Structure formats: structure tokens, C-alpha cells
Amino acid sequence: MKRCEWPKSELMNEYHDKEWGVPLHDDKKLFEFLVLDAFQAGLSWNIVLRKRKSFEKAFDNFDAKKIAKYTEKNFSRLISDAGIIRNRLKILGTIENAKRFLEVQREFGSFDEYIWQFTKNKTIKHRFVSLKELPAKTKESDKMSEDLKKRGFKFVGSTICYAFMQASGMVNDHLTSCFRYKEI
């Protein structure tokens, strides 16, 4: 069974084989990926995956309604939690993003309805044969980033948005030789 070249651990293999690139339409899961991709900025995805359960516990199972109400006490708890990535700006950004996420849900009926508009509500299927071909960002991720920033979201640069698009199945960036390419 041939897979993409980037997974370098069992944990990454499992994530690649079961989650990465699968089209997501569940708002809670979309918020989770938005949070995790923001924390991943500047770090390896393997680090985030190893800390994923701790993030889930620390951020109330990625419940945007609860996170949006976080106080200084919650922030203090998070900044001292060795189980997560303790980056002050990313923690504050997650709290702010939860508030903006809820606003988008109110405006569009769901975050899913809003976010998938950037790919015209379908998965963009690339046909890459090598990791070298994968872009860091695209015109779609540029537009997504710009719109999210206008809405007050933090840590949503185009590269982070593209990683989010890959994770949530808005683009299929499995290599054509990977067994998951045809499955997705």
C-alpha cells in the first residue's frame, strides 16, 4: 500500500490514512482543524498530532461556545498547560477565533456553509505526483485568508488557510500514487 511521502510516524500515518483530505462538513470538526492548524504554524504537524488529545481537553473538546467565553482565568490555565503549545498569541487567537466562528455561524447558518464557498462547495482535486509540486498557498487560500482576517480571525494567513483546506478535504492533495487519492 503506497501513501504520500510526508507521514514520518505511526501517528502521522494514521492521520494521513483516516483524516487528512477527507471532506469535512461538521462545524465542530472544522473549528478543531482551524485551531490545530493555527497552533501548527511554524512547527511540525507531528508535534500538534502528539498534543492533540491535550488540546482537546484543554479547549473543552473544541466547543467554540465555551471557548468564546474564556476569561483571564482560562487563559492562565492554558498558558501553564504543558500538554499544549503554550504560545500566548495563539491561545488568545483561539479565543478570539471562537467568537468570530460563532458570528459566521449566525450569519451563514453554519461555518461549513461559509468556508466551503471558497472552493465553490466542492473538493479541488489536484494531480500531484511529487511533494515538491504541492503549493504553500493558492488563490483560494488567499481569498479565504483575506475574508477571515476582515472578519477578525487571527492566525489565518494564506499558508495556514491552505493547510486547513488540505486537512478538511477542500483540496485533495494526496499524491496520485497514494492509495487515498482515488478513495477521496
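The values are calculated or read from the model by the stated rules, or taken from the named source; none is laboratory data. The structure displayed is predicted, hence computed values, not measured ones. Please note: Cβ atoms are built from the backbone with ideal geometry, for glycine as well, and neighbour counts cover all protein chains shown.
Annotations
- The set of residues in the range 67-93 being of a type in the set (Gly, Ala, Ser), outside any helix (DSSP H, G or I) and either touching a residue at least 24 places away in the same chain (Cβ under 8 Å) or crowded, with 19+ Cβ neighbours inside 10 Å (or both) consists of ALA68, GLY83.
- Of the criteria (1) under 16 Å from the mean Cα position of the chain (by Cα); (2) closer than 22 Å to GLN166 by Cβ; (3) surrounded by fewer than 21 Cβ atoms within 10 Å (Cβ to Cβ), which one GLU96 fails: (2)
- Where a residue in the range 45-66 is among the β-branched types (Val, Ile, Thr) and its partner, wherever it lies, is part of a loop (DSSP other than H, G, I, E, B), with Cβ under 9 Å and at least six apart: ILE47/ILE85; VAL48/ILE85
- ARG50 being surrounded by fewer than 13 Cβ atoms within 10 Å (Cβ to Cβ) and modelled with pLDDT of 95 or more: no
- Top-ranked residue of the range 15-28 - restricted to ones that are in contact (Cβ under 8 Å) with a residue 60 or more places away in the chain and touching a Phe, Trp or Tyr at 6+ places or on another chain (Cβ under 8 Å), ranked as surrounded by the fewest Cβ atoms within 10 Å (Cβ to Cβ): HIS25
- Residues of the range 160-174 satisfying the condition of being in contact with a Leu (Cβ under 9 Å, 6 or more places away or on another chain), more than 17 Å from LEU43 (Cα to Cα) and crowded, with 22+ Cβ neighbours inside 10 Å: SER168, MET170, ASP173
- Per the conditions (1) more than 14 Å from the chain's Cα centre (by Cα); (2) under 21 Å from LEU49 (Cβ atoms); (3) of a type outside the set (D, E, K, R), the sole criterion not satisfied by SER168 is (1).
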